Amino acid sequence: MKNPDSYICITRLGQECFIKEEARSCPVPPQCTELAPGVVELSGISEQQIRANGIFFACQLLPQPVPCSSQSIKGWAALLLEALVNSIPEETEAWGLQVFDQSTAETGKQHSRARLIEQETVALLKQKRRSLLRKLSKDPSKHAALAQLVLTSPDDGYLSITSAPQVKALSPVISPFRAGYVSIPDDRLPPSRAFKKLREAQLRFGLSFRPGMRCADLGACPGGWTHVLVEAGCRVSAVDRSPLDPKLMHSKQVSFASGDAFSWTPEKALDWLVCDVIAAPEKTAALIERWLRERLCHSLCVTVKFKGSPDFGVLASVKRSLAQHCVEHGGKQLTANKNELTVFGHLAD
Ligand SMILES: C[S@@+](CC[C@H](N)C(=O)[O-])C[C@H]1O[C@@H](n2cnc3c(N)ncnc32)[C@H](O)[C@@H]1O
């Protein structure tokens, strides 16, 4: 039986309690149950609350999960086929099928049992429901509806089928990628691996950096994020105490300001603030609030870094700032994030 107010969060191992802490800041805190390591169920929480509050520490969300069991691959495939036929409307543009266990959220790897269940389900669809199979897409950017099965043991799991409107409404908490894992290809051009965080944020949050946009990159050295912006054709004011990679220092699109990221202010409002500065989370929270309140940028993408355990009070204040000022906002612990979260927000035009 589906419970409309129930959601499974997939999280990194050891971070189950982060989901509980984060959910506690909801106006009506839901009940949290650890179903398996890295698999936490929230019950008594509405879709509207999930959208408003976000669950940033969830790698992936499975709305209205149904517990199910089978002892064989064929049994799993039959179970999936029945659920798909009943729940994916014929008019759905494209849908995704994702079978995984919790470890996929951390490694991106799909265990063989999960892969075999997917393959067997596709084979059954081919025999029995070609019309549905035709709409099955492997491209996450095309997924409208999503069928997810998380295995908590070889024979047990939770199935969730999310309609196209719900996938859209719950973005970015619900990810089009399997178990929320995003793999950004290596690139030798940017001067640091940090570029992966901004590329992933672009993909996950649909951020758009366009030619001619004016951006500030605070805490920019050595320049991975600035590189992403320059490549997109933006003009960048890069601020750090240390200079960027020489190639970026000589770029006509980059102006470098040596100094403190927290006291720097643009002469006029910018299109983007991106910020990856290493600082106490409360300093970053205050920076986000100032840039939004004073409308110094139209959009922002900022990493909030923690020392040791996350500070959920600060996280709640960041969420309040985003909710108060932005028409669209959210955040996540991206695959490329370590002990940090990435948040974004857009002001009204
Ligand atoms: C994680 S690194 C940024 C990496 C960068 N996003 C990239 O892609 O290469 C953090 C940077 O913040 C800078 N930083 C820390 N505190 C700062 C401050 N108060 N003002 C300016 N820069 C600061 C450090 O010098 C460091 O270069």
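Hey, which of the strands (runs of 3 or more DSSP E) in segment 171-258, taking only ones fully inside, have at least 2 residues that are touching a Phe, Trp or Tyr at 6+ places or on another chain (Cβ under 6 Å)?
Per the criteria, 214-218, 235-240.
When you scan segment 94-106, do you find a residue that is at pLDDT below 95, farther than 30 Å from residue 323 by Cβ and outside the structural domain of residue 124 (by TED's automatic domain parsing), even just one?
Taking every residue of segment 94-106 in turn, none turns out to be at pLDDT below 95, farther than 30 Å from residue 323 by Cβ and outside the structural domain of residue 124 (by TED's automatic domain parsing).
Which one of these does residue 124 not meet: (1) more than 27 Å from residue 169 (Cα to Cα); (2) in a strand (DSSP E or B)?
(2)
Give me a count of the residues in segment 250-264 that are surrounded by 11 or more Cβ atoms within 10 Å (Cβ to Cβ) and away from the ligand (no atom under 13 Å from the Cβ).
Total satisfying the criteria: 3.
Which one of these is farther than 25 Å from residue 182 by Cβ and in contact (Cβ under 8 Å) with a residue 40 or more places away in the chain: 315, 341, 292, 334? Talk me through it step by step, then tell me what you get.
On the way: 315 fails: farther than 25 Å from residue 182 by Cβ; 341 fails: farther than 25 Å from residue 182 by Cβ; 334 fails: farther than 25 Å from residue 182 by Cβ.
Only one candidate qualifies: 292.
When you scan segment 285-299, do you find a residue that is buried (at least 19 other Cβ atoms within 10 Å of the Cβ), touching an Asp or Glu at 6+ places or on another chain (Cβ under 6 Å) and closer than 20 Å to residue 53 by Cα, even just one?
No, there is no match, as no residue in segment 285-299 is buried (at least 19 other Cβ atoms within 10 Å of the Cβ), touching an Asp or Glu at 6+ places or on another chain (Cβ under 6 Å) and closer than 20 Å to residue 53 by Cα.
Could you say which residue among 132, 159, 116, 151 is in contact with a Pro (Cβ under 9 Å, 6 or more places away or on another chain) and not basic (Lys, Arg)? Can you show your working first?
Numbers: 132 fails: in contact with a Pro (Cβ under 9 Å, 6 or more places away or on another chain); 116 fails: in contact with a Pro (Cβ under 9 Å, 6 or more places away or on another chain); 151 fails: in contact with a Pro (Cβ under 9 Å, 6 or more places away or on another chain).
Criteria check complete, one pass: 159.
Considering each of 40, 66 in turn, give the residue that is at pLDDT 95 or above and under 30 Å from residue 328 (Cβ atoms).
40
Can you name the residue in segment 267-295 that is part of a loop (DSSP other than H, G, I, E, B) and within 15 Å of the ligand (Cβ to nearest atom) and is also nearest to the chain's Cα centre (by Cα) among such residues?
Ranking the qualifying residues of segment 267-295, first place goes to 276.
Taking segment 225-240 only, how many residues are within 12 Å of the ligand (Cβ to nearest atom) and surrounded by fewer than 20 Cβ atoms within 10 Å (Cβ to Cβ)?
Number of matching residues: 0.
As an exercise: evaluate residue 128 against (1) among the basic types (Lys, Arg); (2) at pLDDT 95 or above; (3) within 24 Å of the chain's Cα centre (by Cα) and give the number of the one condition it does not meet.
The number of the failed condition is (3).
Only residues in segment 248-263 that are of a type in the set (S, T, N, Q) count as the first member; pair them with residues that are assigned to a strand (DSSP E or B), Cβ under 7 angstrom, at least 6 apart or cross-chain, and list the lot.
253/235; 253/236; 255/237
Looking at (1) within 18 Å of residue 166 (Cα to Cα); (2) at pLDDT below 90; (3) not charged (D, E, K, R), find the lone condition where residue 25 falls short.
(1)
Would you confirm whether any residue within segment 204-215 is within 7 Å of the ligand (Cβ to nearest atom) and surrounded by fewer than 18 Cβ atoms within 10 Å (Cβ to Cβ)?
Scanning segment 204-215, I find no residue that is within 7 Å of the ligand (Cβ to nearest atom) and surrounded by fewer than 18 Cβ atoms within 10 Å (Cβ to Cβ), so the answer is no.
In segment 307-333, how many are within 14 Å of the ligand (Cβ to nearest atom) and crowded, with 18+ Cβ neighbours inside 10 Å?
0
Considering 141, 183, 163, which residue is modelled with pLDDT of 95 or more and either outside the structural domain of residue 82 (by TED's automatic domain parsing) or more than 16 Å from the ligand (Cβ to nearest atom) (or both)?
Numbers: 141 fails: modelled with pLDDT of 95 or more; 163 fails: modelled with pLDDT of 95 or more.
Matching residue, one of 141, 183, 163: 183.
What do you reckon, is residue 105 under 23 Å from the mean Cα position of the chain (by Cα), surrounded by 17 or more Cβ atoms within 10 Å (Cβ to Cβ) and of a type in the set (Gly, Ala, Ser)?
So residue 105 fits the description; yes.
Based on this model, can you work out whether residue 157 counts as surrounded by 21 or more Cβ atoms within 10 Å (Cβ to Cβ), out of contact with any helix residue (DSSP H, G or I) (no Cβ under 6 Å at 6 or more places or on another chain) and more than 28 Å from residue 260 (Cβ to Cβ)?
Criteria met by residue 157.
The values are calculated or read from the model by the stated rules, or taken from the named source; none is laboratory data. None of the values given here were measured: they were computed from a predicted structure. So basically every Cβ, Gly included, is an ideal-geometry build from the backbone, and we count neighbours across all protein chains shown.
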